[in-house]
1. Within 10 Å, count the other beta carbons around each residue, average over each peptide in 118-128, 232-242, 204-214, and list them highest first.
2. Ranking request for peptides 265-273, 132-140, 172-180: highest mean number of other beta-carbon atoms within 10 Å first, then the rest in descending order.
3. Suppose R0 equals 30 Å; then what is the FRET efficiency for residue 150 and residue 99 from their Cβ-Cβ distance, rounded to the nearest 0.05?
4. Which residues' amide hydrogens lie under 5 Å from the amide hydrogen of residue 187, considering only partners 5 or more residues apart or on another chain, with H built in the peptide plane?
Amino acid sequence: MIRATSGVVAALGRLVTACGLLAATVVGVGLVNVLGAPPAAPWAGPPVEREPEPAPVQPGSTAPPLEEPLPQPVLGVDPAQLEPGADPVRAWADEVATEVDVPARAIVSYVNADLAMRQHQPGCRISWATLAGIGRVESNHGRYAGRLLREDGRPSKPIVGVPLNGAPGVREIPDTDRGLLDGDPVHDRAVGPMQFIPSTWRKWATDGNGDGIGDPQNLDDAAVAAARYLCVGGRDMTTGSGWWSGVLSYNNSVEYAQKVFALAESYAEAGNRRR
């Protein structure tokens, strides 16, 4: 769950990147549209039932972690093996999904965010595997509590966390969005597959799929926003200090960071086997 906030940054631009992948040609497979400030109401849709749900991870110890860099995954597909008109990112994601318990559609979202940051903030060097590790701990890649991640990048039912009301193990955060994103006009709740607090989403909202809306319930949008958040301040996510600093800024818990690290390492290794 994202705990901190930072200043507004411009939304990421449309990109095609060369990192062993062919140019992606459809929404959600390596393209991010240029947008200005996020819409005033970034989550558009009819009211839905939202039951209180436990946050997947609660804050814990802040002891300094070990200085250990994460293995960096390499993206790549062989274009000769693709059918004409096939999407190379999705084809690669389908292959990786056979080795790890991550929906191929979620891998596309994480890779999209990785590619966006390679284009717009290359010094950060955040990997799709790190984003996938966070996505797994936060919401099981949009499948929290039996949900399914749909092909539009949204969970089958919106993910909304417990009220941040100061209960044991929970921070107290009064409402900041009049209940627009989380349905709670009294306290904030973390929302979406990457579990953004509404005030944080307001600052980092990103349209990652080109539909003109920055929606925290959409994994395309949320993954790019999370990547931008983790890369703030010129952080290099390939160094031990940079990686741990970034992940602990997302959730100030060493146990949380260790879980993300182990997951990210396994995802990176699976992805590298599918080069």
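1. The packing order, highest mean first, is 204-214, 118-128, 232-242.
2. Working: 265-273: 19.1, 132-140: 26.2, 172-180: 15.7.
Packing order, densest peptide first, comes out as 132-140, 265-273, 172-180.
3. Working: r = 22 Å, r/R0 = 0.75.
Efficiency, rounded to the nearest 0.05: 0.85.
4. 175
No lab work stands behind these numbers, since they all come straight from the coordinates. Source: prediction; values computed, not measured. Positions of Cβ are backbone-derived with ideal geometry, glycine not excepted, and every protein chain shown enters the neighbour counts.
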